[in-house]
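The values are calculated or read from the model by the stated rules, or taken from the named source; none is laboratory data. What you see is a predicted model; the values in this text were computed from it and never measured. When we count neighbours, we look across all protein chains shown, and the Cβ atoms used for this are built from the backbone with ideal geometry, even at glycine. Note: areas computed on protein heavy atoms with side chains; ligands, DNA, RNA excluded. Shrake-Rupley method; radii C 1.70, N 1.55, O 1.52, S 1.80 Å.
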Amino acid sequence: MARPQPVRLGDTLVQQHLITAEQLQFALDHQKRTGRKLGRTLVENGFVTEEQISGALAKQLNIPYINLKHFTVNPAVSSKIPETIARRYRAIVLEERENSFLVGLVDPSDLMTFDEISRLLPKELELAAVTEEQLLQTIDRIYRKTEEISDLAKELEQELGNTLIDFGSLMASPTVEDAPVVKLLQSMFEDAVQIKASDIHIEPQESRLQIRFRIDGVLHLQTEADMRIAPAVVVRLKLMSGLDISEKRLPQDGRINVKLKQQQLDVRVSTLPTQYGESIVMRLLSQQGAILDLERLGMPTGMLERYRHLIHRPTGMVLVTGPTGSGKTSTLYASLSELNSIESKILTVEDPVEYRLPGINQVQVNEKIELSFARVLRTFLRQDPDIILVGEMRDSETAQIGLRAAMTGHLVLSTLHTNDAISTPMRLLDMGVPSYMLASSLLAVIAQRLVRLICEYCAEPHTVQATELVWLENTMTENFQEYEFRHGRGCSRCNGTGYHGRKGVYEMLEITAPVAEAINRFDAVDFSRIALKQLGDNTLRHNIIDLVLSGRTTLYEAMRVSNQFDI
């Protein structure tokens, strides 16, 4: 198409009756004082929305307005222009056509932007109007740093060559920010934050260094690099987290505080000596909006009301169970967030402390100096607490001290690694906890899992496979033939996985009088019968099936998660 004609945004919005002349004059006066763009000024004052501005420009220039929330962007096409250009000119390549490129612009009337993008692309431009917010969100998704990380890894490999490097002097250099290893780690963290990864795994293999990200609970390969860069990466991470760089034979744990694009990141670092070198796993903990409230956990309404009632009781123990990565910490921290008040003294003992909670006294165990869960708990009882959180019931001694605290006027919250709610009391009895203590102190057990949800942008009907059919027949009692199952095709918004986000599924076993009596008798058969009757259909399996039948998750995901508690 020909170069666009200049458009006076304010006049266009007035002509299309989206704002009044008085509102325009107010915005122009405000613009003179602040120097901000007119469109941003109008939006911030509530006179018009971004969508209305884009729609008005599209109508004036006779071009389409594209809602990027409902448009699948091809990363291979969008990468026709560099990320820096896309951000600077607020532009994104949406489609490659036979003789042209469809380009989305926040300001399609900007002649300088049109000329710059035309210079970079070998075909003519067809323009579309897009909103700035949606454009920036799309750029964040599309421009992954995979290639940059691979290039930096190669650069580091070339710099190291086959010679030995004094890493101590390298890190002490005043130009350390320019070192390829630092650039590599920075790009790695930025990419992980951009795609909302929860963990980074740096794993030395026989011939390659493997870097993987955990996204929505599942590991994905990010890149592979030459093994020669592994020592430099490990040493730098150890220095950053305050670990001993000379110790390569024993595991170590540390912590890093990282600031990326105005976001503060708390990084837990764990090293492990393996056959081919030291493996490092980093848990990424964002300190912005990290603590959930109970409403956002996703518990069913009835269960949430009962759970709230239980945690507001002055005494007793509530246990949250599930495997690693099932969201137990989120549930406990959301509970503490609700209970936290000036009238209550709350103490926590954790390994490690994941999130720092204002107004709460948190202690991290340290086995090296014999600061164990049990030892800290004994001290807690002399600190006059109202509420105690124990990171994990690891042994009989810790469990018994916690239960005694629950019997003597304290509310105790903790976790245990069991398959489901019903197996938890029996597990504690097997650990040697007296049955009378458990029956009189335990209020409830919550078991939970995190289930990946289908990406809403690429969801489509799914044909049931043979293995899935067998699982359905063995799991469901009702007729499933009438339901339509779905899966995600994979798109740019979900990084090709077909999933976007996760939802918690829960079951809660309250220790009612009949349940407590069965525990006190140590009668496993009678306890299981009573507990199953009490749970009814409110089990993990039923809740996962409901997500499948409502089209929110896949049969594959339901089978994967169900295998975690099949016993």
Which length gain, in nm to one decimal place, applies between Gln15 and Glu126 when the Cα-Cα distance is subtracted from 0.36 nm times their residue separation?
37.5 nm
Efficiency by 1/(1 + (r/R0)^6): what FRET value for Thr512 and His70, r their Cβ-Cβ distance, R0 = 51 Å, to the nearest 0.05?
0.55
Run the numbers on the range 342-418 and let me know its relative contact order in percent, using alpha-carbon pairs under 8 Å that are six or more apart.
31 percent
To the nearest 10 square angstrom, how much accessible area does Glu124 have with a 1.4 angstrom probe?
120 Å²
What lysines does Lys123 reach when the alpha-carbon gap must be under 22 Å and sequence neighbours fewer than 8 apart in one chain are set aside?
Lys80
Glu22-Gln137 pseudo-label distance in nm [points 7 Å out on the Cα-to-Cβ vector]
3.4 nm
How far is helix 396-407 tilted off the main Cα axis of the chain, in degrees rounded to 10, range 0 to 90?
90 degrees
Rounded to whole Å², per residue accessible area for the chain with a 1.4 Å probe reads 49 Å²
Lys37 and Ser550 label points (each 7 Å along its Cα→Cβ direction) are spaced in nm at 3.9 nm
Fraction of accessible area attributable to carbon and sulfur, the range 1-98 (%, probe 1.4 Å)
50 percent
With an 8 Å cut-off on Cα pairs and a minimum separation of 6 or more residues, tell me the relative contact order of the chain in percent.
9 percent
What list of ³J(HN,Hα) values in whole Hz, one per residue of the range 364-377 in order, does the Karplus curve 6.51 cos²θ - 1.76 cosθ + 1.60 (θ = phi - 60°) give from phi, with Gly and Pro shown as x?
9, 5, 9, 5, 4, 10, 6, 8, 8, 4, 4, 5, 5, 4
Would you please put 351-364, 403-416 in order of how densely packed they are, using the mean number of other Cβ atoms within 10 angstrom per residue and starting with the highest?
403-416, 351-364
At 7 Å along the Cα-to-beta-carbon direction for both Asn99 and Gln5, put a label point, then send me their distance in nm to one decimal.
2.3 nm
Please work out whether the range 272-388 counts as rounded, prolate or oblate from its C-alpha gyration tensor, where a ≥ b ≥ c are the square roots of the eigenvalues and a/c under 1.5 means rounded, while otherwise a/b larger than b/c means prolate and anything else oblate?
oblate
I'd like to compare 550-559, 511-520, 418-427: which one has the highest average count of other Cβ atoms within 10 Å, and what's the full order after that?
418-427, 550-559, 511-520
Lys and Arg at +1, Asp and Glu at -1: neighbours of Gln210 with Cβ under 12 Å from its Cβ sum to -2
Would you kindly find the accessible area of Leu221, with a 1.4 Å probe and non-protein molecules such as ligands, DNA and RNA excluded, rounding to the nearest 10 Å²?
100 Å²
Mind running the shape call on the range 362-489? Use the C-alpha gyration tensor, a ≥ b ≥ c as the square roots of the eigenvalues: rounded below 1.5 for a/c, prolate if a/b tops b/c, oblate otherwise.
prolate
Just tell me which lysines come within less than 19 Å, Cα to Cα, of Lys238; anything on the same chain fewer than 8 places away is out.
Lys183, Lys248, Lys259, Lys368
I need the calculated FRET efficiency for the pair Leu272 and Asn563, taking r as the beta carbon distance and R₀ as 25 Å, to the nearest 0.05.
0.45
Rounding to the nearest 10 and keeping the result within 0 to 90°, find how far the Cα-based axis of helix 301-311 lies from the longest principal axis of the chain.
50 degrees
Run down the aspartates and glutamates and flag those whose C-alpha is under 18 Å from the C-alpha of Lys328, throwing out any fewer than 8 positions away in its chain.
Asp199, Asp216, Asp293, Glu295, Glu338, Glu350, Asp351, Glu354, Glu392, Asp420, Glu507, Glu510
